[in-house]
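To keep things clear, I will list the structure first and then write my remarks on it.
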Amino acid sequence: MGEVLITGGRIVTAVDDYIADILIQDGKIEAIGRELSGDQATIHNATGLLVMPGGVDVHTHMENAQGPAETCDTFASGTKSAAFGGTTTIIDFALQEKGQSPKQVLDHRLASTEHQACVDYGFHLIITDAAPGNLSELPDLINLDGISSFKMFMAYPGMLMVDDAAIFRTMRTVGEHGGIVNLHAENGVVIDTLIQEALARGQTSPKYHALTRPRIMEAEATHRAIRIAELAEIPVYIVHLSSIEALEAVVEARDRGIPAFAETCPHYLFLTIDEYERPGFEAAKFVMTPPLRDHHCQNALWRGLKFDDLQIVSTDHCPFCFNENPHGLRKSKQLGQDDFSKIPNGAPGVEFRIPLLYDGGVTKGKISLNRFVQLVATAPAKMFGLFPTKGTIAVGSDADLVLFDPNKQHMLSATTHHSYVDYSLYEGHLVTGKVEKVFLRGELIVNGEQWLGQEGQGQYQRRSASGTFL
Ligand code: URP
Ligand code: ZN
Ligand code: ZN
């Protein structure tokens, strides 16, 4: 690959904000300075644009099975959608089912995705079977395969849920080798009881998904996860935190010096429980776990992002079509027409994280521009062992760059997004700020509405054993 020169842009990182040129050579940032020249360089004029590090989304579900359903984005369509949204690295999942070898699960997932990825990628390995033989494979996965994070579920009994002993034993092994464990923190068995009671009363519509997943059961599991991690002496990362009570559990631990971290997602920041009052089956579009909460929680999450009680915004992009879709039958939300507990859990959003957070966070004065970059790129790269290759703009880093027009307005819509999913949580939502150009390791892959990238261009990232914590 030749030279690329990006001139006159406003370079924004988690700490910097200045106007300069960036010279890229062989996919890496070679120099940053004023009036740079490159004899052979392709030049992109970024005057008037923000130049930010490519986004890092550490929670996506492309081609993920969930019971009888499967997310409708292939690894190709989902990573292309990510790219149009300014995200150049994702961390998705490899799911170990009962009895499976974690290493074999990873190898299988790598083989099925490598020719599809449009952006760089890694995997968290989901552990559902913590038998000693399976755990004995984790050190090599961490040290040789670059899988330094593992996810466990405290919800979904009978499917993904593991018990506290399994969490503790996994944490101890992962911790000894410098990894981190991510937790889906909800008390699955209590919630399941509430679900069965609701169904027995004939309460089958989508809104009962929200009413059977109380905030304090998220808080209880968050607290429990952190305490188990404390005993195992390992950092812990709570995924998709949605409620003020769960946030309080994280804050309490952090105040005691415990390395507890958490992410929230755009849907918790921009939508509320009121969405479940939509007529008919429409509310099923908003069935994700945990469910949407109220304004009180939303305000607490924004405050948490501002003051670093929450460290990361990721999407939990988990797209199930509302109707069966034209790209192949992938079992849509319609599975739960007569029973909310059968609605596949999850919602799309990988393409809208950066514009939404810029518009709703930066332009509305809730977070600074530097904090915005930190939340969508730098902190996730640091947390999960990708920094400084990813997540910043620095000499020697990968030239994953987004040229962002801070003044351009555009409408978020399923009619124009690039995911295969047939709806958007934000249909018709007007935002200020638009991704104009995206570079992946120096290659222009998005130019306005034009796709210039290729499937298979994304590279698997062997992540370092311990994230550099924030
Ligand atoms: O509803 C959600 N979040 N679906 C994706 C699976 C998970 O729990 O992360
Ligand atoms: Zn989850
Ligand atoms: Zn998820």
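The values are calculated or read from the model by the stated rules, or taken from the named source; none is laboratory data. From a predicted model like this one, the values you see are computed outputs, not experimental measurements. In this analysis, Cβ positions are derived from the backbone assuming ideal geometry, glycine residues included, and neighbour counts consider all displayed protein chains. Surface accessibility is based on the protein's heavy atoms, side chains included, excluding ligands, DNA and RNA. Shrake-Rupley method; radii C 1.70, N 1.55, O 1.52, S 1.80 Å.
The figures follow:
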quantity	calculated
When residues of the range 133-155 are limited to those that are among the small types (Gly, Ala, Ser) and away from ligand 3 (no atom under 16 Å from the Cβ), the one nearest to residue 241 (Cα to Cα)	148
Which listed residue is in contact with a Lys or Arg (Cβ under 8 Å, 6 or more places away or on another chain), open to solvent by 10 Å² or more (accessible area, probe 1.4 Å) and over 27 Å from residue 318 (Cβ atoms), from 444, 403	444
Test set (1) more than 16 Å from ligand 1 (Cβ to nearest atom); (2) open to solvent by 10 Å² or more (accessible area, probe 1.4 Å); (3) not small (Gly, Ala, Ser) - residue 376 fails condition number	(2)
Only one of 136, 149 that is on the phi < 0 side of the Ramachandran plot, more than 16 Å from ligand 2 (Cβ to nearest atom) and at pLDDT 95 or above	136
Qualifying position, being over 19 Å from the mean Cα position of the chain (by Cα), within 16 Å of ligand 1 (Cβ to nearest atom) and either open to solvent by 30 Å² or more (accessible area, probe 1.4 Å) or closer than 24 Å to residue 352 by Cα (or both), among 273, 238	273
Residues that are buried (at least 24 other Cβ atoms within 10 Å of the Cβ) and not in a strand (DSSP E or B), drawn from the range 252-267	265, 266, 267
Answer residue from the range 63-87, given it is without any contact (Cβ under 8 Å) to a residue 60 or more places away in the chain and over 26 Å from residue 374 (Cα atoms) and is nearest to the chain's Cα centre (by Cα) among those	63
Filter result (touching a helix residue (DSSP H, G or I) at 6+ places or on another chain (Cβ under 9 Å) and not hydrophobic (A, V, I, L, M, F, W, C)) within the range 383-408	388, 389, 390, 391, 392, 400, 406
Those residues of the range 64-95 which are within 13 Å of ligand 1 (Cβ to nearest atom) and open to solvent by 10 Å² or more (accessible area, probe 1.4 Å), in sequence order	64, 65, 66, 67, 70, 95
Single match in 196, 104, 203, 116 (criterion: closer than 27 Å to residue 464 by Cα, open to solvent by 10 Å² or more (accessible area, probe 1.4 Å), over 22 Å from the mean Cα position of the chain (by Cα) and more than 16 Å from ligand 3 (Cβ to nearest atom))	104
Residue list for the range 47-61, restricted to those being assigned to a loop (DSSP other than H, G, I, E, B), crowded, with 24+ Cβ neighbours inside 10 Å and more than 16 Å from ligand 2 (Cβ to nearest atom)	54
Residues (surrounded by fewer than 17 Cβ atoms within 10 Å (Cβ to Cβ), in contact (Cβ under 8 Å) with a residue 24 or more places away in the chain and under 19 Å from residue 353 (Cα atoms)) located in the range 276-308	306, 308
Test: residue in the range 149-165 that is open to solvent by 50 Å² or more (accessible area, probe 1.4 Å), over 30 Å from residue 443 (Cα atoms) and of a type in the set (Asp, Glu)	yes
